[in-house]
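This report concerns only the one structure given below.
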Amino acid sequence: MRNIMAALDVGSAQIKLIIGEIIKNKVNILACVETPARGIKKGFVINMESATEALSEVFKNAEDLIGLPIKKVITSVPSTYAECFLASGTVATTSPDKVINNNDIIKVMQKCVYNKIPEHKELVSIIPASFMINDEVVSNPLNMISEKISMKGIVVTVPKKNVEGISTCLKNIGVDLVDVVISPLGDFYEHKQKSMNKEIGALINIGEETTTVSIFNRGILTNLETIDIGGGTITNDLAYVYKISLEDAKYVKEHLALAHTRLAQPNESLTFKDKYDESVKINAYDASEIVMGRLTEIINLAKKQINLLTKKEISYIIFTGGVTESGDFDILIEDILGNLGIIGKVEEIGARNNKYATAVGMIKYYNSRLKLRNTEFSIFNLEEQEELGGLAKRANVADNSLLGKIFGYFFDN
């Protein structure tokens, strides 16, 4: 079975949908689409009708690219008021030969959260920190032999209201919600390096209306906080200072201004009409000064939040989110954080922009859960997978023809 997954990242500015196939532990992007968010504020559904229409649009766009209906999806939910706590559990192995199977792993994970999730909370994730079998700590006990299996892990929960709105919208358009993920988990799995499994670090995702700061200890999410400020504030600043429309201010932010004034050129400029219908000339240096001022505030707020979330020494701070694509953002974080701060990079062809980091990482995160449980999953059944790969068309192509040989080369190797 081909492991094909769909990940939906519901943002305040854009709704992104990525279809990806896991091949040799890497994500091959099959479709990457987005549409302006409507009826969404800070990740929450505030207008059910508008949000449902926007979701229907993004799914239709993806289906037009793929050529198949998409009826299953993993989605992001707001991290606001998310909580992380340590839990443990022990269960007896179920097989007669005492070989640990995927059902045993699922049961011990369930044991960790049994009667520990408040009624107003929704379980988002159980992140295993360690398993113990035969008094020995292991990372993955699958297929090992033991009378019992114990696990310690981090449980992540969010308020039910964080999930209910998007769940209802997806139900309205006939899409099954397979799993929910908070953005820090997606961000980490997209940007993680092997060294991060031994270090303590922070991830900062600067979104449109919020900035999420999360702490990872040896690859495990331990704490997080959402700050009510994001890249949209920069757009508002530019619109206010120059008395231009939000649309024009966004264009200035994305095409003229830099994140730092060091390399900004005063002789580079654009002209717009302000709200009084008068021409206003905006140069790159002045616009960059406004952007730099607001980004500096956001980074310093995030830095302060890191100190509140952990007292341990930080080895890395990774920045992600669409704002980090701004020119010279690396110069700004070097000025503020020195070598401690770096910009994460989405390397997957077809989604090479940090605004897609959460969605691509969600696919990797979900795949890691499947591997732990020794389970396969795809949003498409076998017949649909054949149609997606073009295998069904081979029946109409003679094997000994030139075209048949070409098809054979690509699909048999």
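What follows is calculated from the coordinates using simple rules that are stated; it is not laboratory data. Since the model is a prediction, treat every value here as computed from it, not as a measurement. Cβ atoms come from the backbone with ideal geometry, glycine included; neighbour counts cover every protein chain shown.
A few remarks follow.
- Under a Gaussian network description of the chain, with springs only between Cα atoms under 10 Å, the residue in LYS243, LYS107, LYS311 that fluctuates furthest is LYS311.
- Short-range pairs are left out: with C-alpha atoms under 8 Å and at least six residues apart, the relative contact order of the range 14-129 is 16 percent.
- Listed pairs LYS24/LYS161; LYS16/LYS160; LYS71/LYS98; LYS107/LYS311; LYS192/LYS303 exceeding 29 Å between Cα atoms: LYS24/LYS161; LYS71/LYS98; LYS107/LYS311
- Residues considered: VAL180, VAL280, VAL58. Largest GNM mean-square fluctuation over the chain, using C-alpha springs under 10 Å, is found at VAL280.
- Relative contact order for the range 83-159, counting Cα pairs under 8 Å that sit 6 or more residues apart, in percent: 47
- Prolate/oblate/rounded call for the chain, Cα gyration tensor, a/c under 1.5 rounded: oblate
- A simple count of charges around LYS275, restricted to other residues whose Cβ falls under 11 Å of its Cβ and scoring Lys, Arg +1 and Asp, Glu -1, yields -2.
- Most mobile of ILE74, ILE66, ILE215 in a GNM of the chain (Cα contacts under 10 Å): ILE66
- Across the chain, the mean sequence separation of Cα contacts (distance under 8 Å, 6 or more residues apart), normalised by length, yields a relative contact order of 18 percent.
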